[in-house]
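Notes follow once the structure below has been shown.
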Amino acid sequence: MNAVEEAEFEAMVSRHARFVVRVAYAVLRHRQDAEDAAQEMFLKLYRNRTWQGMKNERAFLARTVWRVALDHLQADRLPARTRMESLSSDEAAWEPVSMELSPEQRVADASAVAAVHRMIDALPEEFRQVLALSAVEEMNSREMAEVLEVPEGTVRTRLMRARQMLKQKMAATMGREKEGRYAR
């Protein structure tokens, strides 16, 4: 590979590295494993020079890292991890924290964010995946259909159902919190 090609590859990695890690995270639910999958994918692309023929970089990279992440899961190479570990302190790096909040407000906000993440993690895999790709990666239904290799209508249905399920879980949680406050 010549210097120009290397510079182009480095620029592509810089543009999409964060996106690729987040797509891998949607599958693996652990940041270090997602980073490993992203690094493995970029290394494969570099070695095989398959990155040079991409028409839609974002869709191609998402589909490729999705497959690498699924390979990690299917090969059973990942150590068993609990869902709570996926909500560890490095999760804070994914969410911006306002410096204007008091420490108490930050703890309350972090607790609320962790609760939402637990609700999302509890969704069935097919619904969690489309929700992550839509909300976090801001992919449209056509891009998600390419990544997941399912019809676009299926993606839309899964996304609608995922949002409904999450809304129901949040409403139930809010109802329990209100009942607890008034029961005192």
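Being under 9 Å from the mean Cα position of the chain (by Cα) and open to solvent by 30 Å² or more (accessible area, probe 1.4 Å) is the filter here, so list the residues in the stretch 7-31 that pass it.
Arg22, Arg29
Test of understanding: among Ala135, Ala93, Ala171, which residue is modelled with pLDDT of 70 or more, open to solvent by 50 Å² or more (accessible area, probe 1.4 Å) and within 17 Å of the chain's Cα centre (by Cα)?
Selected residue: Ala135, the only one of Ala135, Ala93, Ala171 that is modelled with pLDDT of 70 or more, open to solvent by 50 Å² or more (accessible area, probe 1.4 Å) and within 17 Å of the chain's Cα centre (by Cα).
The values are calculated or read from the model by the stated rules, or taken from the named source; none is laboratory data. As the structure is a computational prediction, the values presented were derived from the model and not from experiment. Surface accessibility is based on the protein's heavy atoms, side chains included, excluding ligands, DNA and RNA. Shrake-Rupley method; radii C 1.70, N 1.55, O 1.52, S 1.80 Å.
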